[in-house]
Amino acid sequence: MSAETAGTPTASATETDVAIIGAGPCGLFAVFELGLLDMKSHLFDILDRPGGQCTELYPEKPIYDIPALPIVTGQELTDRLMEQIKPFSAQFHLGERIEQLERLPDGRFRIVGDGGTAVVCKVVVVAAGGGSFTPKRPPLPGIDAYEGKSVYYSVRKMEAFRDKDVLVVGGGDSALDWTLNLQPLARSMTL
């Protein structure tokens, strides 16, 4: 057993006040609130950019239930939160899934991402929302050759679907929402 697995911080671990798991709206707002208390934050997210579900699933879709903002898109909300936290110089570790979280003998926590980033902190905030977003790929041989060309698991730019024949597969709220939002742009829509 190495010193790392024995619960001892190592020279390779960055020390900070707070580690936040999830860089969606709640994680970003936590940076703001913690910053007001003079606490430094490191954020981990499995996605390659901040914003969580808002930027992954709804970057251009109107959101109506954010306090003080009658209407805002997921990307606009994320951009506003990023501007709000700028003075607090949060450190982002994007594209990393948390693999290890342990309590150290001195009461602090050690958190390690699958990219090897290690942080030792006093507080861990879990702002993971719906969890990591990984597409549910249909079990079709060779589908990966079409991903990002004609098979998409999320809508990042609605304009990419203008004048296209669109098939939305799914029966949940998101499938219906995207069918309604893309209908004015698409040549045809099938849900």
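The values are calculated or read from the model by the stated rules, or taken from the named source; none is laboratory data. None of the values given here were measured: they were computed from a predicted structure. So basically every Cβ, Gly included, is an ideal-geometry build from the backbone, and we count neighbours across all protein chains shown. For accessibility, only protein heavy atoms count, side chains too; no ligands or nucleic acids. Shrake-Rupley method; radii C 1.70, N 1.55, O 1.52, S 1.80 Å.
Please list, in chain and number order, the residues 5+ apart from Thr73 or on another chain whose amide H is under 5 Å from its amide H, with Hs placed from the backbone. Distant-sequence amide H within range of Thr73: Ile63. Accessible surface of Met82, taken over heavy atoms with a 1.4 Å probe and every protein chain present, rounds to 60 Å².
Cross-link partners of Lys157 among lysines, defined as those whose alpha carbon lies under 16 angstrom from its own and excluding same-chain residues fewer than eight positions apart: Lys61, Lys149.
For the chain, the residue among Ser150, Val112, Leu101 whose Cα projects farthest onto the positive side of the dipole built from Cβ charges is Ser150. Measuring r between the beta carbons of Asp48 and Ile71 and using R0 = 41 Å, the FRET efficiency lands at 0.95. Toward the positive end of the charge dipole of the range 59-191, with +1 on the Cβ of Lys and Arg and -1 on the Cβ of Asp and Glu, the farthest Cα among Ser174, Ala127, Pro59 is that of Ala127.
The distance from the alpha carbon centre of the range 131-183 to that of the range 36-89 is 23 Å, rounded to a whole number. If you line up the long axis of helix 25-36 against the longest principal axis of the chain, both from Cα atoms, how many degrees apart are they, to the nearest 10? For helix 25-36, the angle is close to 40 degrees. Loop-located chymotrypsin sites (Phe, Trp or Tyr not before Pro) in the range 1-110 (DSSP state not H, G, I, E or B) with no more than 13 neighbouring Cβ atoms inside 10 Å: Tyr64. Taking 18 Å as the straight-line reach from the Cα of Lys40, the aspartates and glutamates in range (excluding those fewer than 8 positions away in the same chain) are Glu15, Asp17, Glu83. For the range 114-127, backbone phi angles converted through the Karplus equation (6.51, -1.76, 1.60; θ = phi - 60°) give residue-by-residue couplings of 5, x, x, 5, 10, 10, 10, 8, 8, 9, 10, 10, 9, 10 Hz, Gly and Pro being listed as x.
Phi angles across the range 177-190 convert, under the Karplus curve 6.51 cos²θ - 1.76 cosθ + 1.60 with θ = phi - 60°, into 3J(HN,Hα) values of 4, 5, 4, 5, 6, 8, 3, x, 9, 6, 5, 8, 10, 10 Hz, Gly and Pro given as x. Compute the long axis of helix 74-85 from its Cα atoms, compare it with the longest principal axis of the Cα atoms of the chain, and write down the angle in degrees, 0 to 90, nearest 10. The angle comes out at about 30 degrees. Sorted largest first by accessible area at a 1.4 angstrom probe radius, with every protein chain in place, the residues Ser41, Ser188 fall in the order Ser188, Ser41.
Note on the range 80-144: Kirkwood hydrodynamic radius from all Cα pairs is 15.0 Å, rounded to one decimal. If a/c stays under 1.5 just call it rounded; otherwise compare a/b with b/c (prolate if a/b is bigger, oblate if not). Do that for the chain, with a ≥ b ≥ c from the square roots of the Cα gyration tensor eigenvalues. Judged from the Cα gyration tensor, the chain comes out oblate (a/c at least 1.5, b/c at or above a/b).
Is the range 92-191 rounded, prolate or oblate when judged by the Cα gyration tensor, a ≥ b ≥ c being the square roots of its eigenvalues, rounded requiring a/c under 1.5 and prolate requiring a/b larger than b/c? In terms of gyration-tensor shape, prolate.
Here the range 88-132 is assigned +1 on the Cβ of each Lys and Arg and -1 on the Cβ of each Asp and Glu. Its dipole about the Cα centre then comes out at about 160 debye. Relative to the Cα centre, the charge distribution of the range 39-118, modelled as +1 at Lys and Arg Cβ and -1 at Asp and Glu Cβ, gives a dipole magnitude of about 300 debye. Computed from backbone phi with θ = phi - 60° and the Karplus coefficients 6.51, -1.76 and 1.60, the 3J(HN,Hα) list for the range 54-66 is 4, 8, 7, 10, 9, x, 10, 7, x, 10, 10, 10, 9 Hz; x is used for glycine and proline.
Each helix, a run of at least 4 DSSP H residues, gives -39500 (n - 2.57); summed and divided by the residues of the chain, these come to -6000 deg cm²/dmol at 222 nm.
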